[in-house]
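Notes follow the structure.
The values are calculated or read from the model by the stated rules, or taken from the named source; none is laboratory data. Model, not experiment: these values are computed from the prediction. When we count neighbours, we look across all protein chains shown, and the Cβ atoms used for this are built from the backbone with ideal geometry, even at glycine. Ligands, DNA and RNA are excluded from the accessible area calculation, which covers all protein heavy atoms including side chains. Shrake-Rupley method; radii C 1.70, N 1.55, O 1.52, S 1.80 Å.
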Amino acid sequence: MRTERLFIGGEWVEPAGGHYEVIDPATEEIVGLAPEASRAQVHEAAAAARDAFAAWSRTRPEERAAILDRAADLMARDAEENVALARAETGATTATARGMQVAVGSSRFRRYARGALEPVEQALPPQINEAGPMGRAGVFGAVAVRRPVGVVTCITSYNNPWANPAGKIAPALAMGNTVLVKPAPQDPLSVYAMTRALAEAGVPPGVVNVVTGAGAEVGEAAVDSPDVDMVSFTGSTAVGQRIGEVCGRTLKRQLMELGGKGAALVFDDADLDSAVTGIGTTFSFYSGQICTAPTRVLAQRGIYERLVEKLTGFLAYMTVGDPAAPGTVVGPVISAAHRDRVEAYVELGRKEGARVVVGGERPAGPGFGKGFYVAPTLLAECTNDMRVVREEIFGPVVVVVPFDDEEEGVALANDSDYGLLDYVWSGDVARAFRIAARLRAGGVGVNTVGRNMEAPFGGFKRSGVGRDVGSYALHAYSELQAVVWPG
């Protein structure tokens, strides 16, 4: 069992508020003790980042790249230990913890080691100015240069404590920013393991600072500190709105990846097996705790019954159980409170008139005496006005809504507060791309739930503000400066 300390100004610091327990969602046992920072310690960490910014922002890109590369090597060196830790504090299966969490986390540091070397200057066409109040006639050159923002607060989500923090910390450091990291309270231990790798890799004191707390106070202090220039947040829309209000008071820059209720439009001519496999990832990856999941299935009436039948058959392979067991596909959700929330939504769906095709009851039998398990659930005969269709459940629950034609399908997909990732399955690829252009979502998957990790990622509407991933993350963590000179 680990007992962690805060990381402030390059030092491991005892927390002013003691420690709180981090619980294994599968066993309900204590994984470790996380530090409870005081508000003053959070502001101290932000001040340390401010003090370190001037020197770090002037380091050669090659130096920043070398540190990020070494950190990736160290994360890979300790991969098995990191996988065990991620599995224990998140409840993810071994395969998910290894392939989707730890491996993606280290690969993102590797990607932004290269990113530190990407050009930051863009030459602009010269401009001929006539003589006037602004001065003599002449030819003026200009260049747009990306500069670091300053101190970035990174507030990360609980569903992936490796890939999500790495996707913020690595590009921010690559651009010359310093960071104050506030992990999700449910599973912060992996972020401390990442921090140890960064410290061993040689990151200078104050460039990376990590604070944690069980309640909202630590996050609030990390946002409102006067030393913070930007807040990068992944989490619920409600929390994102509150952060945005605080940032607006002093015009702090924001990058927000918020909720999702991904629509999956499945047309009569679709490859249903492909669609079912893609939609089925909702049940397996992170036990449905993923904002990009195709949780809202819109099925054209010609294939509606067959699609529901195939999804029902697919669920037979969704083995629920111990995430460390080789055959497990679906592990627990993150906490007892979240399990109760997901189950309450399923019961609400029943009351709203949805038909519970599969699931809807808590898993029972040997091995389920402890742990926060939710049975993968399929709700059919839904309508778009139901709360289970409109609100993000963030669990292994899929709802199915029928539609008649293309116009109705697009209208239903867009009739949502969210707009993160939508999906289209159709044998007519030209139609699929035409529909994609009409969907109000930051990304659209055509006959796939796969991702291109160089493509911009972010949402429309209440799904977020800004874009990251690939080189877009380097842009997100930088400000543009114009430099003009006479020719």
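See the values below:
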quantity	calculated
Any hit, segment 127-145, residues being among the aromatic types (Phe, Trp, Tyr), over 17 Å from the mean Cα position of the chain (by Cα) and open to solvent by 10 Å² or more (accessible area, probe 1.4 Å)	yes
Matching entry among Val389, Val356 (being touching a Lys or Arg at 6+ places or on another chain (Cβ under 7 Å), more than 18 Å from Asp268 (Cβ to Cβ) and assigned to a helix (DSSP H, G or I))	Val389
Filtered residue count, segment 444-464, keeping only those that are in contact (Cβ under 8 Å) with a residue 40 or more places away in the chain and crowded, with 16+ Cβ neighbours inside 10 Å	11
Residues of segment 420-438 classified as closer than 9 Å to Ala263 by Cα and either out of contact with any Ser or Thr (no Cβ under 6 Å at 6 or more places or on another chain) or not hydrophobic (A, V, I, L, M, F, W, C) (or both), total	3
Any hit, segment 4-16, residues being farther than 19 Å from Pro165 by Cβ, surrounded by fewer than 20 Cβ atoms within 10 Å (Cβ to Cβ) and under 26 Å from the mean Cα position of the chain (by Cα)	no
Residues (open to solvent by less than 50 Å² (accessible area, probe 1.4 Å) and farther than 28 Å from Val400 by Cα) located in segment 241-276	Ile243, Gly244, Val246, Cys247, Gly248, Lys252, Leu255, Met256
Residue within segment 439-452 that is closer than 24 Å to Arg147 by Cα, of a type in the set (Val, Ile, Thr) and modelled with pLDDT of 95 or more present	no
Residues of segment 209-226 that turn out to be open to solvent by 40 Å² or more (accessible area, probe 1.4 Å) and touching a strand residue (DSSP E or B) at 6+ places or on another chain (Cβ under 9 Å), as a count	1
In segment 277-291, residue farthest from Glu391 (Cα to Cα) [restricted to those that are in contact with a strand residue (DSSP E or B) (Cβ under 9 Å, 6 or more places away or on another chain) and open to solvent by 10 Å² or more (accessible area, probe 1.4 Å)]	Ser284
Filter result (of a type in the set (A, V, I, L, M, F, W, C), more than 9 Å from Pro35 (Cα to Cα) and in a strand (DSSP E or B)) within segment 1-12	Phe7, Ile8, Trp12
Qualifying residue in segment 147-161 (condition: part of a helix (DSSP H, G or I), open to solvent by 30 Å² or more (accessible area, probe 1.4 Å) and touching a Phe, Trp or Tyr at 6+ places or on another chain (Cβ under 9 Å))	no
Filter result (in contact with a strand residue (DSSP E or B) (Cβ under 7 Å, 6 or more places away or on another chain), open to solvent by less than 30 Å² (accessible area, probe 1.4 Å) and not β-branched (Val, Ile, Thr)) within segment 21-60	Asp24, Gly32, Ala34, Pro35, Ala37, Gln41, Ala45, Ala46, Ala48, Ala49, Ala52, Trp56
Filter result for the condition that a residue is farther than 27 Å from Ile30 by Cα, open to solvent by 60 Å² or more (accessible area, probe 1.4 Å) and of a type in the set (Gly, Ala, Ser), over Ala380, Ala316	Ala316
Subset of segment 81-126 [more than 27 Å from Pro148 (Cα to Cα), in contact with a helix residue (DSSP H, G or I) (Cβ under 7 Å, 6 or more places away or on another chain), free of Cβ contacts under 8 Å to residues at least 60 places away in the same chain and not charged (D, E, K, R)]	Val83
Residue in segment 471-483 that is more than 30 Å from Leu124 (Cα to Cα), surrounded by 16 or more Cβ atoms within 10 Å (Cβ to Cβ) and out of contact with any Asp or Glu (no Cβ under 6 Å at 6 or more places or on another chain) present	no
Odd one out for Tyr423 among (1) assigned to a loop (DSSP other than H, G, I, E, B); (2) open to solvent by less than 50 Å² (accessible area, probe 1.4 Å)	(1)
Qualifying residue in segment 46-53 (condition: in a helix (DSSP H, G or I), among the aromatic types (Phe, Trp, Tyr) and under 18 Å from Ala201 (Cβ atoms))	no
Residue check, Ile169 open to solvent by 10 Å² or more (accessible area, probe 1.4 Å) and touching a Lys or Arg at 6+ places or on another chain (Cβ under 9 Å)	no
Single residue of Arg296, Arg301 found to be of a type in the set (Lys, Arg) and either open to solvent by 20 Å² or more (accessible area, probe 1.4 Å) or over 30 Å from Trp162 (Cα atoms) (or both)	Arg301
Only listed residue being among the basic types (Lys, Arg), open to solvent by 40 Å² or more (accessible area, probe 1.4 Å) and modelled with pLDDT of 95 or more, chosen from Arg362, Arg339, Arg350	Arg350
Looking only at segment 115-161, and only at residues there that are in contact with a strand residue (DSSP E or B) (Cβ under 7 Å, 6 or more places away or on another chain) and polar (S, T, N, Q), the one that is farthest from Thr94 (Cα to Cα)	Asn129
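Residues checked against (1) outside any helix (DSSP H, G or I); (2) open to solvent by less than 10 Å² (accessible area, probe 1.4 Å); (3) of a type outside the set (A, V, I, L, M):
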| site | (1), (2), (3) |
| --- | --- |
| Ala72 | no, yes, no |
| Glu81 | no, no, yes |
| Ala84 | no, no, no |
| Gln101 | no, yes, yes |
| Arg108 | no, no, yes |
| Glu118 | yes, no, yes |
